[in-house]
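Quick note: the coordinates plus some simple rules give every number you see, no bench work behind them. On a predicted model such as this, the values are computed, not experimentally measured, just so you know. When we count neighbours, we look across all protein chains shown, and the Cβ atoms used for this are built from the backbone with ideal geometry, even at glycine.
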Amino acid sequence: MRWLIGAIILLCASAAFAGKQKEEPLSAAVQGALHKAVSDAKPPSSSFRNPMDAVDWLSEMSRRLEKRIPSQEYRLDLLRSVHYEATRAGLDPQLVLGLMQVESGFRKYAVSSAGARGYMQVMPFWLRLLGRPEDSLFDLRTNLRYGCTILRHYLDIEKGDLYRALGRYNGSLGKPEYPNMVRAAWHGQWSYDKPPHLAQTP
């Protein structure tokens with residue numbers, strides 16, 4: 001529990017803890033796979049299993065995010081996008097919300113001292129590396145698409161080790177502060193247990 005208490009203190013002391021992903025050489029196969037991942041168009045279907053799941057999750061997360069994003073319409077659009085992009089990348093949507101809280105404090109136009117941009121603080125070199133220089137990292141869905149794809153990439157590199165993957169995402173591999181802050185935000189602010197009336201939904 002000591003790491004959790006310390007991480008919460010650090011989290012409260014700073015609205016954002018943005019770092020920078022480090023540019024590393026990618027094989028042609030990985031580069032092609034990542035390019036495809038960020039290029040897919042938004043599908044018309046929802047990422048929720050059923051409408052009741054959607055209503056409950058969106059209502060609960062919207063309530064928690066209200067002080068940071070007053071506009072209900074934009075808040076719900078952001079949450080739907082987070083849920084879709086996280087689910088698409090095989091990530092927990094609540095983990096992504098925790099990462100966004102630490103990285104940008106949910107500021108759409110946040111720019112770190114290293115130049116990382118947007119909600120998930122994506123470094124601009126990814127646009128060049130993936131051959132999409134025209135993409136805007138301040139666009140909501142684009143930023144989330146890149147951020148989730150990059151975190152998934154780091155998780156794959158680290159064989160599912162979230163601690164090390166988060167370190168890579170922030171450019172602080174091997175240091176405990178950032179992974180602990182994200183875990184504290186994820187579990188302390190954005191944890192979500194399905195209500196009893198949805199728990200048995202097939």
GluC sites (Glu not before Pro) restricted to DSSP loop in the stretch 62-111 with at most 16 other C-beta within 10 Å: 66
Just want to confirm a number: the relative contact order over the stretch 91-193, from Cα pairs under 8 angstrom separated by 6+ residues, in percent. 29
Taking amide H atoms as placed 1.01 Å from N in the peptide plane, list the residues 5 or more away in sequence, or in a different chain, whose amide H sits under 5 Å from that of residue 20. 171
Gain in length, residue 193 to residue 28, computed as 0.36 nm per residue apart minus the alpha-carbon separation, to one decimal in nm? 55.4 nm
Flagged as over-length at 23 Å C-alpha distance, from 20/67; 36/175; 36/159; 67/108; 108/194, the pairs are 20/67; 36/175; 108/194
Using the beta-carbon distance between residue 73 and residue 49 and R0 = 35 Å, what value does 1/(1 + (r/R0)^6) give for FRET efficiency, to the nearest 0.05? 0.90
